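Let me begin by presenting the structure, written as structure tokens, before commenting on it.
The values are calculated or read from the model by the stated rules, or taken from the named source; none is laboratory data. Note that this is a predicted model, so its numbers are computed, not measured. Here the Cβ positions follow ideal geometry from the backbone for every residue, glycine too, while neighbour counts run over all protein chains shown. Side chains are part of the model used for accessible areas, which takes the heavy atoms of the whole protein and leaves out ligands, DNA and RNA. Shrake-Rupley method; radii C 1.70, N 1.55, O 1.52, S 1.80 Å.
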Amino acid sequence: MRHHGFSSEALIETLHTIQSTFGYLDLEALRFVAGNLRLPLSRVYGVATFYNFFTMKPQGEHVCVVCLGTACYIKGSPDVLEAIERFSHLTPGETTPDKKVSLVIARCLGTCGLAPVATFDGELAGKIEPMQATGKIEEWLNFEH
Amino acid sequence: MNTEELHQIAIDEQTRQRQYKHRLFVCMGTGCLAAHSDQVKQSLEAEVERRELKGQCQIASGGCQGLCVAGPMVTVEPQGTLYQHVQPQDAAEVIETLDQSPIERLQDRTTESFFQRQTKVVLNLAGRVDPERIEDYIAADGYSALLKALTEMTPAEVIEQITASGLRGRGGAGYPAGLKWSTVGKARSEHKYVICNGDEGDPGAFMDRSVMEDYPHRIIEGMAIAAYAVGADNGYIYVRAEYPLAVKRLGLAIRQAQKHGLLGNNIGGTSFNFHLEIRMGAGAFVCGEETALIASIEGGRGVPRPRPPYPAASGVFGQPTLINNVETFANVAQIIARGSDWFTGIGTEKSKGTKIFALTGKINNSGLIEVPMGITLREIIYDIGGGIPNDRSFKAVQTGGPSGGCMPTEYLDIVVDYESLQKAGSHMGSGGMIVMDETSCMVDVAKYFMEFCMTESCGKCVPCRVGTAQMYDLLNKITHGEATLDDLAMLEKLCGMVRATSLCGLGQGAPIPVLSTLRYFRDEYLAHIVDKHCPAGVCNITAAERTTA
């Protein structure tokens, strides 16, 4: 916030910084931002919930993002998503009760040449098959610390 | 920095490059990185080290070659050999054979036409410039156009050149860039802004990502020239947060340009000042709309507002603002450097230059292409794209994203320019081009886009917020075999209403996928409604529903 001179236009940048540091935005963080940028909490909350990129829920240890962009859709990403849903009993946006795996859908990851694509903990996998995706999730769920 | 200093950097860099007998460029685009091109680069470097060839052979990072399915890709200069599907264990063989004939195994003759049929203007340095080094760009004549504009041309002459070039906005609408620039130029205000719209929200399109990743300096140069022409002193590049590599490279490029005195105060030793910042989007499709984008830059919810006033009169912080798309700015430097006559030599009468498309879907050579305006869809799909996989037949090509239309076989021979695509019921859009074959259901595709528009609607105006949801419900009924002909009539009525009464392009464009599929594939809709059958076998119409019908 200091970097942006505590001005209200820095709101989105500030929220990005918080989310990349803590993984998600909670009410406490939003209150803090509102206080420092001298904005009503409603405005901060409104912005945080308007944009899909911001999440108010903590993510699991591992995150799987399935792309549902047009090219991926045409090339079978709904099948990939369905396989993951069936296997993990998650619907998009949810995290397993043991907080291990979160399932997220994306509008377009911009690597349509490799459709269908998904990312596993930020690593991009192209031309993905349903079995391959569930295999990865199984690996995560069974991994003991 | 003045022209002589810039020239000196270019000469130094060219000399440095010439001392190498071979230069190998490993693609570091998102697509090739996903195929672990970074490991390929490491093993090539290790191999060069092992053979003590460091002084003769350079291993560099390069940009995207377009054919992401064939990654990781490595270009060998000066021969110009292009290797595809290179694996780390191939490194020894690649280095071994540098002075011999290229390795057959790593080349693919079937994709030759993909590369030969393109005309590269914006992407002309493809793969041979390290996007993270400003010296590479300067050695390729980078920033010479900016200094030429600053020292040899008046702002009015710059605008005149852009107007004469016939450059039109590459974001989709095709508004003449020169006209927009002169409107902002004429506006009277102490501060003006230049914004680069890099919020590529259109699903199935990734041209701007690639240009931002590979040519960050070209965009900065284009924006600086624009700022000089319209009299702006501040600028923003608005990038999607989903493109972390683009954000990183643009940030790096801005710092490099500042260090070299090509951004900041007194650029090129003149009195021209231009300060540039990155603003990250946060996942809202509607922010590609210019007034929503402005709201987002100001730190608010990305909600559009009625126009006029247009951003050219009142944009960011109420000041006159020039907004152009990434690809539009990427064309500017070369128009100034090579002159508008050169640019008007490419393309058709009303659409000049080239257009970058993201060619994806059911197509063999899926990837990023740059073609001259006026090429036919058939040439793109069959010559460059290599046709449809598995010998299936072509059904339709979709351009323009969620507000574009599908064109069937009989339109394969139309030329690609703004007017022809519009006449065919679609539009140029930002450059997504998705090919569908007989296994794609057009009603399902229309439903997909409607679902997209419904969830991305910002909710400000009623026609878009409520209308898209109603249209989605109707399409959903059709794909489940539960609809009647009355529902279809209602859908068509809603299309017209939402199109005519929505506030911004999102709502106005939302019915277009439905209208265009209805225009060309009405029989498919009827098959779902009357016969309770999905011809492509995509929609799950169960036997139970069929018997009750």
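Among residues belonging to segment B:183-219 that are more than 14 Å from chain A (Cβ to nearest Cβ) and of a type in the set (S, T, N, Q), point out the one that is surrounded by the most Cβ atoms within 10 Å (Cβ to Cβ).
Ranking the qualifying residues of segment B:183-219, first place goes to B:N197.
Listed residues B:Y175, B:Y228, B:Y215, B:Y236; which is hydroxyl-bearing (S, T, Y) and touching a Gly at 6+ places or on another chain (Cβ under 7 Å)?
Every option except B:Y175 fails the conditions.
Open to solvent by 20 Å² or more (accessible area, probe 1.4 Å), of a type outside the set (F, W, Y), under 20 Å from B:K493 (Cα atoms) and within 12 Å of chain A (Cβ to nearest Cβ), is that true of B:K460?
No: the conditions fail for B:K460.
Here is a list: B:G283, B:G251, B:G269, B:G288. Which entry is of a type in the set (G, A, S) and more than 30 Å from A:V65 (Cβ to Cβ)?
Within the list B:G283, B:G251, B:G269, B:G288, the selection yields B:G269.
Can you pull out every residue in segment A:61-89 that is away from chain B (no Cβ under 13 Å), free of Cβ contacts under 8 Å to residues at least 60 places away in the same chain and open to solvent by less than 10 Å² (accessible area, probe 1.4 Å)?
Listed by number, the residues that qualify are A:V80, A:I84.
Restricting to segment B:321-358, count the residues that are surrounded by fewer than 24 Cβ atoms within 10 Å (Cβ to Cβ), touching a helix residue (DSSP H, G or I) at 6+ places or on another chain (Cβ under 9 Å) and aliphatic (A, V, I, L, M).
1
Taking the conditions exactly as written (open to solvent by 10 Å² or more (accessible area, probe 1.4 Å) and touching a Gly at 6+ places or on another chain (Cβ under 7 Å)), does A:T95 satisfy them or not?
In short, yes.
I need the full set of residues from segment B:473-495 which are basic (K, R) and surrounded by fewer than 15 Cβ atoms within 10 Å (Cβ to Cβ), in order please.
Listed by number, the list holds a single entry, B:K493.
Return yes or no: is B:G172 modelled with pLDDT of 95 or more, crowded, with 22+ Cβ neighbours inside 10 Å, closer than 28 Å to B:F357 by Cβ and away from chain A (no Cβ under 13 Å)?
For B:G172, the condition - modelled with pLDDT of 95 or more, crowded, with 22+ Cβ neighbours inside 10 Å, closer than 28 Å to B:F357 by Cβ and away from chain A (no Cβ under 13 Å) - is not met.
Can you tell me which residues in segment B:220-250 are open to solvent by less than 10 Å² (accessible area, probe 1.4 Å), assigned to a strand (DSSP E or B) and within 14 Å of chain A (Cβ to nearest Cβ)?
B:I237, B:Y238, B:V239, listed by residue number.
How many residues does segment B:86-103 contain that are free of Cβ contacts under 8 Å to residues at least 40 places away in the same chain and either under 23 Å from the mean Cα position of the chain (by Cα) or assigned to a loop (DSSP other than H, G, I, E, B) (or both)?
The qualifying residues number 6.
Determine whether A:V44 is assigned to a helix (DSSP H, G or I), within 12 Å of chain B (Cβ to nearest Cβ) and open to solvent by less than 70 Å² (accessible area, probe 1.4 Å).
Taking the combined requirement at face value, the residue satisfies it.
State all residues of segment B:357-379 that are over 20 Å from B:D208 (Cβ atoms) and hydrophobic (A, V, I, L, M, F, W, C); if no residue qualifies, say none.
B:I363, B:I375, B:L377, listed by residue number.
Kindly provide the set of residues from segment B:290-316 that are away from every other protein chain (no Cβ under 14 Å), open to solvent by 10 Å² or more (accessible area, probe 1.4 Å) and of a type outside the set (A, V, I, L, M, F, W, C), ordered by number.
Selection gives B:E290, B:R305, B:P306, B:R307, B:P308, B:P309, B:Y310, B:S314.
Give the residue that is surrounded by the most Cβ atoms within 10 Å (Cβ to Cβ), with candidates limited to residues of segment B:56-84 that are outside any strand (DSSP E or B) and hydrophobic (A, V, I, L, M, F, W, C).
Checking each candidate, the answer is B:C68.
Given the residues B:L44, B:L33, B:L6, which is the only one that is within 14 Å of chain A (Cβ to nearest Cβ), open to solvent by less than 70 Å² (accessible area, probe 1.4 Å) and assigned to a helix (DSSP H, G or I)?
Just one listed residue meets the conditions, B:L33.
Of the residues B:A10, B:A46, which is without any contact (Cβ under 8 Å) to a residue 60 or more places away in the chain and either in the same structural domain as B:V94 (by TED's automatic domain parsing) or at negative phi (or both)?
The conditions single out B:A46.
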